[in-house]
Amino acid sequence: MLEETLVLFRNIRTPGYDGTLDSYRKAGGYQSLPKALAMQPEEVIALVKEAGLRGRGGAGFPTGLKWSFMAKNTGKPSYLVCNADESEPGTCKDRELMLKDPHLFLEGMMIGCYALGCHHGYIYVRGEYFPAIKSLNKAIDDCYREGILGPKLLGGDYELDLTVHTGAGAYICGEESALLDSLEGKRGHPRVKPPFPAVAGFNSCPTSVNNVETLTNVTAILEMGADAYKSLGSPNNAGTHLVSLSGHVNRPGVYEVAMGVGLREIIQELGGGVRGGKQLKGVIPGGSSSPVLRADEIDIAYDFDSVGKAGSMMGSSAIMVFDEDTDVVKLLHRISRFYNHESCGQCTPCREGTHWARQLLRDFLQNNGSERKLNRLQRVGRNMGGTTLCALGDAASMPIVSFLKKFPDDFRQYYATAS
Amino acid sequence: MFSPETQQQVDRLLSRYPIRRNALLPLLHLAQKENQGWLDSKWVNHVAELCEVSPTHVEGVATFYTMFRFRPPGKYHLQVCTCVPCCLVGGPEILEHLEHKLGIHAGHTTKDGLFSIEEMECIGACAYAPAMIVNEDYVEQLTPEKIDQLLDTLATTPQEQETHA
């Protein structure tokens, strides 16, 4: 029987734990930060590299490597910006951390700031997360009051400020360069890269953008050491991760599992299987942008590399399960509507393509589909992939291409019945 | 234009950024809250002055983000998620139920100004779907019965106990 492996959720799963500074300290909190402060910043980066931590925001890029790209001796301040703009449909894990154990995350953020030589860190939280914003602000106020943050970080000689910045409802701001533009007080438009944020990020200063869960893992790595952390996951996929499980399962929720446990086991054993005793039809394994998997394709290990090998991606570890009664045309229409709404409009393939895809899918739903339209939808989907400044084009493209490939008959049904 | 308490927050916010313009989004949030949940040109101009940018810039930015409104919302702004996970477990039906119950479509406000509905893209409550945000609070695992109950409670909440957006 698959069970949770509790590292990041260790406190949250403890009865009576309320996430306040007091209870965090009682649970052994703020013990990792002094360890980091006793090390050289480069040593902290080396440790994170050694632990094999990969970004939990979706791309799975090695965090230590990202940190080592930061431009040095530029004469400008450098910044750590936390991407808490959790908006990929299906993903609701960062909110758990920010709401229920904010200090565990903040401690990781402080360690990150120290490792990168930043004296000010910003946490860009999506605007709709009112409860998480309140929770973080309270936690940060408590830290200032207790002398953890401020001119003397934890009473030492390092100065650090943290600020919560509120977004305002734009999926695109989860893309790191759009997030930085938004943080600067502009429309959230992805930038042309290079230069990458590590060279010219927030206000053109060297910046690292990291996800909430990623930074929270840093606290754990300092606490347990690189080897113990690595031993938790599968090769090249270290540690545990938070899985947002939603859709047609008996027990939807956010679960913490070791990297590399079985995808089917997560759904069956943690999620309690498909609800209502129905058969599984398919799974969207890594947020709405990841290519869909059919029920017969989910006997795989759930980590970055294995899901990648299966032709999809683990992304932000958001699993959406749908049963045999699901109308996949309707589902894809809803996904396409989302990307159409969230396209920033900068690049033509995405701005136009998401609109066309949505219209074509609506035609199908109105029993106005045809083979020609099916082919057109396929072309529109394919042509958005890899042709835009940021990954939103790909995110819109992958579901279309994969749904058409995996469930072609479901689409044909819509015009077979019409004619 | 801000109340003295909010002005303190404004000053504190401005001190947290290297450039005044950086505080634009948080300031717009404060302005919107101060103005009963929406922005007009008066507030746009004021925020522009505070951030030392042109009103056109502020307007361009504000219109890019869905959370900034240019019409007054209802006293209770019901933001219903119908995105992918919510869509799988009845989000659109919840929206329909609300629309039917209140006699308005999403994007509109009831005549008495009490309720407004907005259809949302993913609000990040996927494991607790279907869900919506009422002003600033998440209400999750919605059912039509839960909606009916909530509407009744909100409609009869006395003025002084209101939680405001």
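The values are calculated or read from the model by the stated rules, or taken from the named source; none is laboratory data. Owing to the predicted nature of the structure, the values given are computational and were not obtained by experimental measurement. All Cβ positions, glycine included, derive from the backbone under ideal geometry; neighbour counts span all protein chains shown. For the accessible areas, the whole protein counts, side chains as well, though only heavy atoms, and no ligand, DNA or RNA atoms are used. Shrake-Rupley method; radii C 1.70, N 1.55, O 1.52, S 1.80 Å.
Over segment A:150-268, consider all pairs of different Cα atoms and compute the Kirkwood hydrodynamic radius from their mean reciprocal separation; express it in Å, one decimal.
17.6 Å
List the DSSP H helices in chain A whose Cα atoms stretch 18 Å or more along the helix axis and whose mean Kyte-Doolittle hydropathy is at least 0.5.
Working: long enough: A:102-116 (21 Å, 1.09); A:130-145 (22 Å, -0.30); A:212-224 (19 Å, 0.89); A:328-342 (21 Å, -0.34); A:348-365 (25 Å, -0.72); A:371-384 (20 Å, -1.61); A:392-406 (22 Å, 0.65).
Answer set is A:102-116, A:212-224, A:392-406.
Counting heavy atoms of the protein chains alone, B:Thr66 has an accessible area of about 60 Å² for a 1.4 Å probe. Among beta bridges identified by DSSP and lying wholly in the protein assembly as shown, the antiparallel ones come to about 50 percent. If you wrap the Cα atoms of chain B in a convex hull and average its projected area over all directions, you get 10.6 nm².
Note on segment A:8-102: dipole from Cβ charges, positive end direction compared against A:Ile45, A:Gly75, A:Gly60; the farthest Cα belongs to A:Ile45. Of all aspartates and glutamates in the structure, the ones whose alpha carbon falls short of 13 Å from that of B:Lys101, not counting any fewer than 8 places away in one chain, are B:Glu93, B:Glu145, B:Asp148, B:Asp152. Here's how it looks for B:Leu39: its modeled amide H is under 5 Å from those of B:Arg69, B:Phe70, B:Arg71, which are all 5 or more places away or on a different chain. Cα to Cα, under 16 Å, and not fewer than 8 places away if on the same chain: which lysines meet these conditions relative to A:Lys49? Qualifying lysines at Cα under 16 Å: A:Lys66, A:Lys230.
Taking R0 as 22 Å, what FRET efficiency do you get between A:Arg251 and A:Asp22 from their Cβ-Cβ distance, rounded to the nearest 0.05? The calculated FRET efficiency here is 0.10.
For chain B, the longest principal axis of the Cα atoms and the long axis of helix B:55-64 meet at an angle of about 20 degrees. Average 1/r across all pairs of distinct alpha carbons in segment A:328-418, invert it, and you get the Kirkwood radius: 12.7 Å. Taking all protein chains together, A:Phe304, A:Phe196 sort by accessible area into A:Phe196, A:Phe304, largest first [probe 1.4 Å]. For the protein assembly as shown, how big is the tail of P(r) above 33 Å, as a whole percent of Cα pairs? Counting pairs separated by more than 33 Å, the tail of P(r) holds 43 percent.
May I ask for the Kirkwood hydrodynamic radius of segment A:21-230, worked out over all distinct Cα pairs and given in angstroms to one decimal?
16.9 Å
Exceedance of the 28 Å cut-off in Cα-Cα distance is limited, within the set A:Lys186/B:Lys146; A:Lys193/A:Lys373; A:Lys35/A:Lys193; A:Lys72/A:Lys186, to A:Lys186/B:Lys146; A:Lys193/A:Lys373; A:Lys35/A:Lys193.
In loop segments of segment B:1-63 as defined by DSSP, the GluC sites (Glu not before Pro) with at most 12 further C-beta atoms inside 10 Å of their C-beta are B:Glu52. Computed over segment A:328-418, relative contact order equals 35 percent, with contacts defined as Cα pairs under 8 Å that lie 6+ residues apart.
For segment B:102-139, the residues whose amide N sits under 17 Å from a probe point set 7 Å from the Cα of B:Trp38 along the beta carbon direction are B:104-119, B:135.
Each of A:Gly28, A:Ala416, A:Val192 was scored by the projection of its Cα onto the charge dipole of chain A, and the greatest displacement toward the positive side belongs to A:Ala416; charges sit on the C-beta of Lys, Arg, Asp and Glu. Placing +1 on the Cβ of every Lys and Arg and -1 on the Cβ of every Asp and Glu, with nothing else charged, gives segment A:301-351 a dipole about its Cα centre of roughly 340 debye. Each listed q (0.25 Å⁻¹) maps to a log10 I(q)/I(0) for segment A:1-77 from the Debye sum over equal C-alpha point scatterers, namely -1.14.
Considering all alpha-carbon pairs of segment A:240-323, what whole percent are spaced by more than 22 angstrom? Each step should come with its number before you reach the end.
Values: 358 of 3486 pairs.
Taking all Cα-Cα pairs of segment A:240-323, the fraction more than 22 Å apart is 10 percent.
Counting only lysines at least 8 places from B:Lys33 when in the same chain, those with an alpha carbon closer than 19 Å to its own are A:Lys134, B:Lys42, B:Lys75.
Taking the C-alpha atoms only, the angle from helix B:91-102 to the longest principal axis of chain B is near 90 degrees. Distance distribution P(r), segment B:77-165, all Cα-Cα pairs, bin width 5 angstrom from 0: 3, 15, 27, 27, 17, 8, 2, 0 percent. For an R0 of 60 angstrom, estimate the FRET efficiency from the Cβ-Cβ distance between A:Glu269 and B:Phe70 and round to the nearest 0.05. So the FRET efficiency works out to roughly 0.75.
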